[in-house]
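Taking it in order: structure first as structure tokens, then the write-up.
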Amino acid sequence: MRPRNEWFKPERLKRYYYAYEAVALAVVLAVVGVLAVTGVLAAMRSWVPLVGGAALLVAFGYLTWWIRAFYRTADYRFTDDEIEFRRGVFFRQKTTVPYDRITNVGVSQGPIQRLVDVGSVGVHTAGYGGQVGAELTIGGVGDFEEIKEQILDRVRSRPASATEGEEPADARAVRDARDATGEMLGELRRIRELLEQGRSA
């Protein structure tokens, strides 16, 4: 159970990202090994492997730095009315999802996530036409099932908001009552006309 109205970090996010980085590094080293065994590297000009190695060193060095920097900026918060997510290494972003807009909450855990014992919680909302995927994802957490239930408990305790293009329930009730009243008045007018016709006959 995550505390309400307090920012918390996805405590296993760095472990998850480092696992992906390790897999990518293993793939690169495997490719380099195949090139070396087959003699492709030996046939290259001497500066090509040096430049390629330097580029890979810079890329993985930057990725390692970025993972740490992103983790420092990533925070979630469950308030009384909404879920908040702030993050951003170079540009700060903040996503807010009200509980009464949430239509579905799901969890996912891929092979690498299972390897490091983490999962993701996808929060889907109404009112975003054509939207693909979750509106907000809480990733890099170990208690993803508990977080899902915590969000669903908050959603169940609140009335649902109308989706985009859908009439609110109270406005729809007023409109239905107005239509029913109009039909009743029309019937009463027809009955009066029939009675007046009968008296005149």
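The values are calculated or read from the model by the stated rules, or taken from the named source; none is laboratory data. Not measured: the values here are computed from a predicted model. As a convention, Cβ positions derive from the backbone with ideal geometry for all residues, glycine included, and neighbour counts pool all protein chains shown.
May I ask you to verify whether residue 35 is surrounded by 14 or more Cβ atoms within 10 Å (Cβ to Cβ), farther than 30 Å from residue 103 by Cβ and at pLDDT below 95?
Taking the combined requirement at face value, the residue satisfies it.
Return yes when residue 119 is over 17 Å from residue 9 (Cα atoms) and touching a residue at least 12 places away in the same chain (Cβ under 8 Å) and no when it is not.
Criteria not met by residue 119.
Where in the range 1-92 are there helices (runs of 4 or more DSSP H), lying wholly inside it, with at least 3 residues that are closer than 19 Å to residue 112 by Cα?
Per the criteria, 13-37, 47-73.
Could you list, in sequence order, all residues of the range 93-103 that are surrounded by 13 or more Cβ atoms within 10 Å (Cβ to Cβ) and either of a type in the set (A, V, I, L, M) or in a strand (DSSP E or B) (or both)?
Matches in the range 93-103: 95, 96, 97, 98, 102, 103.
Since residue 114 meets every condition but one in (1) under 19 Å from the mean Cα position of the chain (by Cα); (2) basic (Lys, Arg); (3) not in a strand (DSSP E or B), which condition does it not meet?
Just one mismatch for residue 114, condition (1).
Report whether or not residue 52 is more than 21 Å from residue 143 (Cβ to Cβ) and surrounded by 12 or more Cβ atoms within 10 Å (Cβ to Cβ).
When the stated conditions are applied, residue 52 passes them.
When residues of the range 70-88 are filtered for being surrounded by fewer than 12 Cβ atoms within 10 Å (Cβ to Cβ) and of a type outside the set (D, E, K, R), how many remain?
0
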